[in-house]
Structure formats: structure tokens, C-alpha cells
Number of protein chains: 2
Amino acid sequence: MSEALGRRLDHVAIAVRDADQAARWYLDELGMEIVSDEIIESASVRLVGLAPNMRHRAGAGPFEMTMIQLAQPVGAGRVDAFVRDNGEGLHHICFTVDDTPAATAALGGDTRAVFVGGGGRPTCFLQETRNGVLVELAEPVP
Amino acid sequence: MSEALGRRLDHVAIAVRDADQAARWYLDELGMEIVSDEIIESASVRLVGLAPNMRHRAGAGPFEMTMIQLAQPVGAGRVDAFVRDNGEGLHHICFTVDDTPAATAALGGDTRAVFVGGGGRPTCFLQETRNGVLVELAEPVP
């Protein structure tokens, strides 16, 4: 085990056609809050981050809790292809790591695939799924 | 929004054929720890809970962090059918709620479907998926 690894679950991503529509249930029924909303041009995706509201964070900041990430395609790309092939649904899980390139290398991934992801964070998807699960690594939100 | 809701993400479940095999990567490569391992006879499933190790929990107990749950079928049932139809992969997300029957009712679910799930907790799956995602509700681990 690498010292760069072993961190917490940063977010669970759900591929959706319309993040505004999808967010409503989490906001209205589960009382979550939108903590980020951004477009990652390089991935042709809009990412909306949802966290438990303040009352349920027990003093923790929103980015210290595992978030729900709604990933809406805004052009051709991996998420767009996923929704076309599989419909909406659970897409990937992301773990925080101290150093994305180091962790990617330690896990046998391709460091050339590191990109600037949500929150401006160095981010990488491991090419090889683990038991059918796509795994992403990202540094914590500062 | 109900007062019974709005809590944190308890776990993300991955349907796997062999939880021991699947756990290895999370233990050896991500440095996570097994915090529960039980068979839920009523659901014909073995559930293995994985949490970040102590060093990465910042003082929080293992059950205060969002866990990875490996769900291995041990007989005919929902998880067995999922693996046969879809292969291994992300299966559902679970939110903690103060009162599972009340939260199930507030979310339009069927309270007759409440069962004793992982950790002996009152648990319920909402019949209706949300944007393709199966959602479970469970009371926090005491």
C-alpha cells in the first residue's frame, strides 16, 4: 500500500441527461445542497456536486463529506457514450489521494491520463475497471 | 423535505461474485479496512463493509465515513439477478435516515418493504429508481 493512497471516498458519480432535473430529488427530498456546478470542457461534461446540508454535516465542511456528483454530458465524450449505451445511472466512484500522478502510477494507471477535473483538481481515471467499477482518483478540495 | 431525511451517504454498494477476491484491491492497494462481514439470509447476500483505515479517518469512527459495501450473492435474489444480467458493478447507494419507515413513507416508498439489513439496521430500498439509481435507506450504525 502506498502512502499516497488509502484516503476517503470523495464522490459517487451518476450519469444523467439533465443535472437540473436530477438534482431536484436530492435537494427537495433529501435536503442536500449544491456545492459545485461547473463544466469540464476537456471531458464534455457538466458536474454538479451535492453534499448533505449543514445540519447533517456535524461540523464538517461540505467537501469533507462524500458527495453525489451528477455528470451531465454537454458534448460527445465518455459520459455521453455511457448514457447512450446504458441510460442514466451510477457511473464511477472517486477516492481522494494526496498526489494524483503518484497514486495513478502506484495503482498501475497511466499518468498521461491525468487531467484537470472538478474543482480544478488533478484527476485521473484508472483505465482498468475493478469488478466492473470505474475508479477515479482526485486530490482533496483545498 | 422531511426532518427524517437529509442525512449522509452511508455506503456505495458494488455487486461482486466473490467478496474476498474483490476486497483484496481495496485492502492492498487503497489501504482500506474490513469493518463488517455478514450474511443477510433474507436477501441471499453476503455484505462486506470497507472503510478508510484509521489513519485516514481524521478521528472519525469507521461508520461515520461513507463505506464501500461489497455485495456477494449467496443464493437466488436481487443481487444474484443483477450480476447475472449486468455482471459485476455499482449496484446502489444508501443514505442514513433517522427512522427508516418514516423516511420510506416520506419518499413515497412502501413501508412493508422495510427489512433488517446490514448491521441489524431497519433498511428499505425505494422501489422507484432515481435517474437509474437504486436508492436504499438505513438507520445509522449505533
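All of the numbers you see were taken from the coordinates with simple rules; none came from a lab. Nothing here was measured: the structure is a model prediction, and the numbers come from that model. Counting neighbours? That spans all protein chains shown, and the Cβs are built from the backbone with ideal geometry, glycine included.
Structure values in brief
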{"quantity": "Helix-only mean residue ellipticity at 222 nm for the protein assembly as shown, each DSSP H run of n ≥ 4 adding -39500 (n - 2.57), per residue, nearest 500", "calculated": "-5000 deg cm²/dmol"}
{"quantity": "Distance between modelled label sites at B:S42 and A:R112, nm, 7 Å Cα→Cβ extension", "calculated": "5.3 nm"}
{"quantity": "Chain B, relative contact order in percent, only Cα pairs under 8 angstrom and at least six apart counted", "calculated": "27 percent"}
{"quantity": "Hz values of 3J(HN,Hα) by residue in the range B:92-100 - Karplus curve (6.51, -1.76, 1.60), Gly and Pro given as x", "calculated": "7, 10, 10, 9, 7, 9, 6, 8, 4"}
{"quantity": "Size of electric dipole in the protein assembly as shown: Cβ of Lys, Arg +1 and of Asp, Glu -1, about Cα centre, debye, nearest 20", "calculated": "20 debye"}
{"quantity": "Per-residue average of Cβ from other chains inside 10 Å of A:27-35", "calculated": "5"}
{"quantity": "Estimated FRET transfer efficiency (A:D18, B:A76; beta-carbon r; R0 30 Å; 0.05)", "calculated": "0.25"}
{"quantity": "For B:V97, distant residues with modelled amide H under 5 Å away", "calculated": "B:A138, B:E139"}
{"quantity": "Lys, Arg +1 and Asp, Glu -1 on Cβ, resulting dipole of chain A about Cα centre, debye, nearest 20", "calculated": "140 debye"}
{"quantity": "Cα gyration tensor shape of the protein assembly as shown, rounded if a/c is under 1.5, else prolate or oblate by comparing a/b with b/c", "calculated": "rounded"}
{"quantity": "DSSP bridge pairs, the protein assembly as shown: antiparallel proportion in percent, nearest 5", "calculated": "75 percent"}
{"quantity": "Shape call, chain A: gyration tensor on alpha carbons, a/c limit 1.5", "calculated": "oblate"}
{"quantity": "FRET efficiency, B:N86 to A:E33 (Cβ-Cβ, R0 35 Å, nearest 0.05)", "calculated": "0.65"}
{"quantity": "Calculated FRET value between A:A105 and B:Q127, using beta carbons and R₀ = 35 Å, to 0.05", "calculated": "0.20"}
